[in-house]
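Notes to accompany the following structure.
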Amino acid sequence: MMALAKKSGEGPISLKSIAKDHQLSEHYLEQLIAPLRNAMLVKSVRGAYGGYMLTKDAADITAGDIIRVLEGPISPVEVLDDEEPAKRDLWIKIRDAVKQVLDNTSLEALASYKGDEDHEYYMFYI
């Protein structure tokens, strides 16, 4: 998604070029792109110069949107009703804090982040 955001406005980007640029498996990217397409975060363009592109501006897509599509609901642990109240309240606060950060971090912000210039790309593990 960050690769698509960085190339936004330049036309569709092939998974092959993203895989090559970021040293990822094209097969792995194919598995990720399907749910993103089904959630209408990306669209595919057919043809010789086809590929994928964002369906809306990167500023309007949050990290939370992407994580929910690829991983499901945001919850570090399953909070059980029979847990002691202090423990349950702590996990709920952690969950809510994580949701707040993810829902207030845009794809645009992630894609435009300038960190350690020694790295050519960033690998984010989910």
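Over 24 Å, how big is the tail of the calculated P(r) for the chain, in percent of all Cα pairs?
37
Show that you can apply the helix-only estimate: for the chain, add -39,500 (n - 2.57) for every DSSP H stretch of four or more residues, divide by all residues, and state [θ] at 222 nm to the nearest 500.
Theoretical 222 nm ellipticity from helices: -13500 deg cm²/dmol.
How long is the gain from LYS43 to VAL77 if the chain were fully straight, where each residue apart is worth 0.36 nm and the alpha carbon distance is subtracted?
Taking LYS43 through VAL77 to full extension adds about 9.0 nm, to one decimal.
A 30 angstrom limit on the alpha carbon distance is what I want to check against. Which of LYS7/LYS93; LYS43/LYS114; LYS16/LYS99; LYS56/LYS87 exceed it?
LYS7/LYS93; LYS16/LYS99; LYS56/LYS87
Which of the DSSP-defined H helices in the chain satisfy a minimum axial length of 20 Å, computed from C-alpha atoms, and a minimum mean Kyte-Doolittle hydropathy of -0.5?
85-103
Against the globular-protein guess of 2.2 N^0.38 Å, express the Cα radius of gyration of region 44-109 as a ratio, rounded to two decimals.
Working: Rg = 17.2 Å, N = 66, 2.2 N^0.38 = 10.8 Å.
Cα-based Rg divided by the globular estimate yields 1.59.
Taking Cα pairs under 8 Å and at least six residues apart, what relative contact order does the chain come out at, in percent?
It comes to 28 percent, rounded to a whole number.
Values in this text are rule-based calculations from the coordinates and carry no lab data. What you see is a predicted model, and the numbers here were worked out from it, not measured in a lab.
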